[in-house]
Amino acid sequence: MSLLGAFVSWYSRIKAEHPIVFNFIEFVDESVTSAFVGLTAFMILDSFGYPWGICAAAAGISENMAAKLLSMVKQMIEDRFNYINKGNK
């Protein structure tokens, strides 16, 4: 399921004509992060006795949120480095 989420993210970049359409490291990073967070969310909810349908839905939502959070943090770090580099010139 996480690979499908990473593929959808890649495809949305193509549709938005993002300058860097495909970066293998970002793809692997999104896939591993999504898989880890999704599996963790599924296992936590399953341990509380929730039905598997609810666990799977929560896993999918948490995978998406983790990927978005990762891209937001990456953008914040890039913006911060760009700000610092402009101040040094």
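The values are calculated or read from the model by the stated rules, or taken from the named source; none is laboratory data. If you're wondering where the values come from, they're calculated on a predicted model, not measured in any experiment. A quick note on method: Cβ atoms are made from the backbone with ideal geometry, for glycine too, and the neighbour counts reach across all protein chains shown.
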Among (1) under 17 Å from Lys74 (Cβ atoms); (2) of a type outside the set (A, V, I, L, M, F, W, C); (3) at pLDDT 90 or above, the one test that Thr40 misses
(1)
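This table checks each residue for (1) in contact with a Gly (Cβ under 9 Å, 6 or more places away or on another chain); (2) modelled with pLDDT of 90 or more; (3) loosely packed, with under 14 Cβ neighbours inside 10 Å.
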position	(1), (2), (3)
Ser47	no, yes, yes
Trp52	no, yes, yes
Ala59	yes, yes, no
Glu63	yes, no, no
Leu69	no, no, yes
Met72	no, no, yes
Glu78	no, no, yes
Asn82	no, no, yes
Asn85	no, no, yes
Please tell me if Val8 is surrounded by fewer than 16 Cβ atoms within 10 Å (Cβ to Cβ), part of a helix (DSSP H, G or I) and at pLDDT below 90.
yes
